[in-house]
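See structure below.
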């Protein structure tokens, strides 16, 4: 039986707490900035407040991902592929990227590789 990592096309990494990956929502009435739980070239896990009910499974969304440090923010389109269990405070949304510019892809690859070297791989 393949493990979760073997099923995944891209390695996921967990951002450092002191250097979060911020997610800005496009086209919603929210002014909140959400944080990524994990990220890869294929998608992003977004932590959202439990009261957040903006998205449904398979909904297409547009976000701006703000990578920390010297890497540029990038715009991406994606689709909600998973809505995780919600705790009393947070829910987790799995978004599969469907579109992203070449510069965003390049900076995201640099970011993921940096965190792999820091042993931040999600198993």
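Every number in this text was worked out from the coordinates using simple rules, so none of it is lab data. Computed from a prediction, not measured in an experiment: that's the story for all the values here. Because the Cβ atoms are built from the backbone with ideal geometry, glycine has one as well, and the counts that use them run over all protein chains shown.
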Cβ crowding within 10 Å averaged over residues, with 93-100, 15-22, 35-42 ranked highest first: 35-42, 93-100, 15-22
Shape call, region 53-114: gyration tensor on alpha carbons, a/c limit 1.5: prolate
Full extension between residue 60 and residue 117 adds, at 0.36 nm per residue less the Cα distance, a length in nm of 17.3 nm
If the chain between residue 10 and residue 77 were fully extended at 0.36 nm per residue, the gain over the current Cα-Cα distance would be 22.4 nm
